[in-house]
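Below: one structure, written as structure tokens.
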Amino acid sequence: AKEAFVSFGGMGIGSVFRYLFSILLARWIGPQMLGIYSLGNAITRIGEIFGLMGLDNGVLRYVSREKDNNDNVKNTIYSSIKMGFLSSTAVALLLYLFSDWIALEILNEDKFLSTVIKVYALSLPFAIVGLIASFATQGFKILKYKIFVNHIINPANQLIFMIISYLLFGVKIAILIPTVVSAIFGFICIFFFLRKFITISFGAIINAKIDYKILKFSFPLMFVSAIGIIMNWIDMLMLGILDNAYSVGLYHPIERTAGLIRLVFFAFASIFAPLFSEYFYEKNKEKMLEVYQLSTKWILLTSFPLFIFLILFSNEMLMLFGNEFNNNFALQILTTGVMIQALFGLGSSSLTMSGLQKYNLINGFFALLTNIILNTILIPKFGVTGAAIGTTVSLFL
């Protein structure tokens, strides 16, 4: 409970920074450019999952199990970081090379979107290696370092550098700079904290052998994570493909506001995962059941008031972004879907930490397929509301 509320507090602060970032960006640059930013961010986040290769969950699982064997822990972390750096560099290069094709041919958008993708691709090696390092610290069942860097430092940097860039250099630089600066600064900070647990040596990382045990566990999780992240961003992408960047910009505040409920789920899932993994490894079914029930109860008690607030004050929340953002019905629909996801999301973490991630893969695949089909039908007819309906039905299934 203590670690979950540390996580919740940190994520809450980070959500405030992210929300202010979205509000100011929406008010200063308008729906069209906000849509360009959202599309570039969506494409980069999907690329990030393939560069990560599931190694975040892999390092979390094995560090939490082998925390008493320092040599094994070091080998796990060094190998994971090395694999993450190699894969992230490859994905960044692919995004950079295919940015024009994605922006101009698939999304039929402004040339500036290609520039956004290229610049954001440069941040991937820093972001991915930083994520692996942060999950390594989580494996020691201490969340404060991961939370501080990923959910406070990074969004705070994004907000600060967006404001500075906008005031000094204008709209385009305000979109381009914050993501890269935040990734680099977060990378430096998390390695500083990781040194509290193990000795960090870049020579040891470079010379580390590829740990195929971790890779065998992690690689299937890449597809599970990919489906999850694509589910999260598919609305943006399909609005961009089937409509335009303006609609994507209108949808961004809806997705950002409904997503506030997720911070409750993520707060408890962060400490639930390593605990459940340890109890599963020990074959302690009583503890597995207890931690699952308690975490689910706390998620319900803490997220339900926020859910009611967002349903009742959906219009007022969207007005914070500007007068153009007035589709409160879509926000109410998507908020319902995210609430469903929060209540039942620990089932996914339980399967992953039990080595039964194939069921998550099957479930996620059919949910994604449903979402794509519904979006294809509903977006041309109902726009952003259709996207919200498609996602909510998919999350319920």
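The values are calculated or read from the model by the stated rules, or taken from the named source; none is laboratory data. Keep in mind that this is a model prediction, so the values were computed, not measured. Don't worry about glycine lacking a Cβ; one is built from the backbone with ideal geometry, like all the others, and counts go over all protein chains shown. Note: areas computed on protein heavy atoms with side chains; ligands, DNA, RNA excluded. Shrake-Rupley method; radii C 1.70, N 1.55, O 1.52, S 1.80 Å.
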Q | For the chain: relative contact order, % (alpha-carbon pairs under 8 angstrom, 6 or more apart) | A | 24
(Q) Quick check: with the 1.4 Å probe, what order do Phe21, Phe313 take by accessible area, largest first? (A) Phe313, Phe21
Q. Could you give the dipole magnitude of the stretch 284-393 about its Cα centre, charging the beta-carbon of Lys and Arg +1 and that of Asp and Glu -1, in debye to the nearest 20?
A. 320
(Q) Under the 0.36 nm per residue contour assumption, what length would be gained going from the current alpha-carbon distance of Asn326 and Leu242 to full extension? (A) 28.2 nm
Q. Roughly to the nearest percent, how much of the accessible area of the chain is carbon and sulfur, given a 1.4 Å probe?
A. 68
Q | Those trypsin sites (Lys or Arg not before Pro) in the stretch 169-211 that DSSP places in a loop and that have at most 16 other beta carbons within 10 Å | A | Arg195, Lys196, Lys209
**Q.** Descending Cα extents along the principal axes, the stretch 259-397, whole Å
**A.** 54, 31, 17
Q: For the chain, divide the Cα radius of gyration by the Kirkwood radius and give the resulting Rg/Rh value with two decimals.
A: 0.95
Q: For the pairs Lys74/Lys141; Lys144/Lys213; Lys74/Lys146; Lys216/Lys297; Lys74/Lys213, note any where the Cα-Cα span goes beyond 22 Å.
A: Lys144/Lys213; Lys216/Lys297
Q. Roughly what would the spin-label model give for Ile205 and Leu97, points 7 Å off Cα along C-beta, in nm?
A. 2.5
Q: Work out the P(r) tail for the stretch 221-269: percent of alpha carbon pairs separated by more than 15 Å, whole number.
A: 56
Q | Probe 1.4 Å, accessible area per residue of the chain, Å² | A | 42
Q) For the stretch 1-102, what D do you get in µm² per second when you plug the Kirkwood radius from alpha-carbon pairs into Stokes-Einstein at 20 °C and 1.002 mPa s? A) 127
Q) So between Ile311 and Lys297, what do we pick up on full extension, going 0.36 nm a residue minus the alpha carbon distance? A) 2.9 nm
Q: Report the accessible area of Ser348, computed with a 1.4 Å probe over the heavy atoms of all protein chains in place, in Å² rounded to the nearest 10.
A: 50
Q | Unit charges on C-beta of K, R, D, E only; dipole of the chain, Debye | A | 920
